[in-house]
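The values are calculated or read from the model by the stated rules, or taken from the named source; none is laboratory data. Not measured: the values here are computed from a predicted model. Every residue, glycine among them, receives a Cβ derived from its backbone with ideal geometry; neighbour counts consider all protein chains shown.
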Amino acid sequence: MKSWTQERFTHEGKYFQFRDVCLVPKPLQRPHPPIRIAATTQDTYPMVGRMGYPVFLAVRTSSITELTSWIGGYHEAWKAAGHPGRGEVGVIVPEASAMHFYRSIGQALAKSATTTMRTETGHRLIGISYDEVLEEFAVYGTAEAVTDRLIELREALGYSRCRCG
């Protein structure tokens, strides 16, 4: 934020320190570009809510069942931090042809995972079936079926934006 809104800035953080930095060119949007954070783990949701930023749901690596149980942490943290209204929730819905994506991301997670959860997620995605993708990771069908599913997901997850593609 400082790099976008100040001519020069200094940052003294726990892990990183920057002194007298100047970012050029500055963004066109004022005071800065919109910020949206993709939540990928259960712990990420409350963190983003506390920060007061809109959140993107990671439908590709987390099942709809997981997202439904995690999104409450975002809304609770949003409210507890005193942010007005309800936080904006976006969801990216993958195409049914994304099987290659699931296999590739599963292999990458399984190879480079530093936690048991990531390793398990990787193996789950490597072995995922097309039916599981359609049930837990995608929205598909006729216009009416897609509309009904998106309404069901909006009620369950509370998203306010949806990118379909």
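Figure legend. Inter-residue proximity from region 72-97: first residues exposed (fewer than 12 other Cβ atoms within 10 Å of the Cβ) and of a type in the set (Gly, Ala, Ser), second residues modelled with pLDDT of 95 or more and not in a strand (DSSP E or B), beta-carbon distance below 9 Å, spacing 6+ or different chains. Indicated pairs: Ala80/Pro46; Ala80/Gly49; Ala80/Arg50; Gly82/Gly52; Gly85/Trp78. Of all residues in region 10-21, none satisfies being assigned by TED's automatic domain parsing to the domain that holds Val91 and acidic (Asp, Glu). Annotation: of all residues in region 55-90 being in a helix (DSSP H, G or I) and of a type in the set (A, V, I, L, M), the one that is farthest from Phe101 (Cα to Cα) is Ala80. The criterion of being exposed (fewer than 15 other Cβ atoms within 10 Å of the Cβ), over 18 Å from the mean Cα position of the chain (by Cα) and farther than 15 Å from Gly158 by Cα does not hold for Gly52. Restricting region 1-49 to residues that are under 13 Å from Val89 (Cα atoms) and hydrophobic (A, V, I, L, M, F, W, C), the residue that is surrounded by the fewest Cβ atoms within 10 Å (Cβ to Cβ) is Ile35.
Residue count for region 1-54 under the criterion of being under 27 Å from Lys79 (Cα atoms) and either part of a loop (DSSP other than H, G, I, E, B) or among the small types (Gly, Ala, Ser) (or both): the result is 20.
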